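The values are calculated or read from the model by the stated rules, or taken from the named source; none is laboratory data. Predicted model, so just to flag it, every value in this text is computed and none were measured. Here the Cβ positions follow ideal geometry from the backbone for every residue, glycine too, while neighbour counts run over all protein chains shown.
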Amino acid sequence: MYLVNNLLRKGLYERYRLTFEHCGDLSGARVLDMGCGTGRYSIECAKRGAAHVVGIDFAPSMVEYSQKIAQEIGVADKCAFICDDFLAHQFEERFDIVLALGFFDYIEEPESVFKKVAQFCPRKFVASFPKFTPIWGIQRMIRYKWIKRCPIYNYTAERLEHLYRQAEFKRYQVIPCHKGFFCVAGTE
């Protein structure tokens, strides 16, 4: 089963590896995980030494699940999970690292998200973006847009570079990867 899962979900494994490779030492870091889903990245950040991790997702079931797993793994004291819309939520803190993995797949107009993230002045903004490919793109369109009635959005390297420049990130790197782009940026 592992080999089949690794083959079919290669992009997820690659994204996970790249995320923690580019985050580096998380000791004492304050991390925001946008669209945290099951809390996988939030919990791993806490396990790797982050002082405080905030996961935000609009799905109550995902937030409840994340809280449960953080408790079971023993990092609940470092994690806070919020059920809200990222753009609507008023954060009262800044973050050293902001994660948006699998988040932008569902964002039609990402400009305001980029600008809000830039306001946190993160040391690192780590994000993933899907790109259209004939087989993968058509499969995702059928699965998400037609069956689940959930629109999905694709990106190009040029569009990503424009978004980072427009939000005034001082540095950014757009890395082509399996079925999309992996990006690391910063305001410093």
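How many residues does region 87-101 hold that are out of contact with any helix residue (DSSP H, G or I) (no Cβ under 7 Å at 6 or more places or on another chain), within 21 Å of Ala50 (Cα to Cα) and outside any strand (DSSP E or B)? Break it down stepwise before answering.
Pass one, region 87-101, residues out of contact with any helix residue (DSSP H, G or I) (no Cβ under 7 Å at 6 or more places or on another chain): 88-96, 100.
Subset that is within 21 Å of Ala50 (Cα to Cα): 91-96, 100.
The next check asks that each one be outside any strand (DSSP E or B); those that pass are 91-96.
Total meeting the criteria: 6.
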From the residues in region 11-55 that are in contact with a strand residue (DSSP E or B) (Cβ under 7 Å, 6 or more places away or on another chain) and among the charged types (D, E, K, R), which one is nearest to Phe120 (Cα to Cα)? Arg30
Can you confirm whether region 58-81 contains a residue that is surrounded by 14 or more Cβ atoms within 10 Å (Cβ to Cβ), in contact with a helix residue (DSSP H, G or I) (Cβ under 9 Å, 6 or more places away or on another chain), of a type in the set (Lys, Arg) and at pLDDT 95 or above? yes
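I'd like the residue in region 88-131 that is of a type in the set (Ser, Thr, Tyr) and touching a residue at least 40 places away in the same chain (Cβ under 8 Å) and, out of all such residues, is farthest from Arg17 (Cα to Cα). Before you say what the answer is, go through the steps one by one.
Of region 88-131, the ones of a type in the set (Ser, Thr, Tyr) are 106, 112, 128.
Applying the additional criterion that residues be touching a residue at least 40 places away in the same chain (Cβ under 8 Å) yields 106, 128.
Working: Tyr106: 22, Ser128: 12 Å.
That would be Tyr106.
Within the group Glu109, Glu161, which residue is loosely packed, with under 12 Cβ neighbours inside 10 Å and either in contact with a Pro (Cβ under 9 Å, 6 or more places away or on another chain) or modelled with pLDDT of 85 or more (or both)? Steps first, answer last, please.
Working: Glu161 fails: loosely packed, with under 12 Cβ neighbours inside 10 Å.
Result of the check over Glu109, Glu161: Glu109.
I'd like the residue in region 37-53 that is part of a loop (DSSP other than H, G, I, E, B) and of a type in the set (A, V, I, L, M, F, W, C) and, out of all such residues, is surrounded by the fewest Cβ atoms within 10 Å (Cβ to Cβ). Write out each step before concluding.
So in region 37-53, the residues part of a loop (DSSP other than H, G, I, E, B) come out as 37-39, 48-51.
Now narrow it down to the ones that are of a type in the set (A, V, I, L, M, F, W, C): 50-51.
Numbers: Ala50: 24, Ala51: 14.
Selected residue: Ala51.
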